[in-house]
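The values are calculated or read from the model by the stated rules, or taken from the named source; none is laboratory data. Everything quoted here is computed from the prediction, not taken from an experiment. No Cβ is skipped: glycine too gets one built from the backbone with ideal geometry, and neighbour counts run over all protein chains shown.
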């Protein structure tokens, strides 16, 4: 039930299509269920720094499968622990972040992260990409 490169490309293309429609330039990363990078794309004119952010968002989404149901203190503690173990290469998913888990038949198969717009724009692009799966 692994996420394929072809599927990752469809997700990334869907996210970029949405970005074009709202006139922003993004980077999009797709990771497998273990947080390993499958695909990273940056639109022409997109900022290069978004590559790191979108990858970290995708890794966080795959690691947690969505926002953890914890109080703010526990979330902060968990995030610090995970960051130190993962070398700081993860963004904790939240209800407003652009890192979204990818599920197939209720099984987590990966994560998508988008960077380059506002948080809401990035999340909108992530959602549009997953809809192409």
inquiry  = Take residues that are under 18 Å from residue 17 (Cα atoms), touching a strand residue (DSSP E or B) at 6+ places or on another chain (Cβ under 7 Å) and at pLDDT 90 or above and tell me which of the helices (runs of 4 or more DSSP H) falling wholly in segment 45-133 contain 1 or more.
reply    = 50-64, 119-131
inquiry  = Considering only residues that are without any contact (Cβ under 8 Å) to a residue 40 or more places away in the chain and either buried (at least 24 other Cβ atoms within 10 Å of the Cβ) or in contact with a helix residue (DSSP H, G or I) (Cβ under 9 Å, 6 or more places away or on another chain) (or both), which ones fall in segment 6-35?
reply    = 21, 34
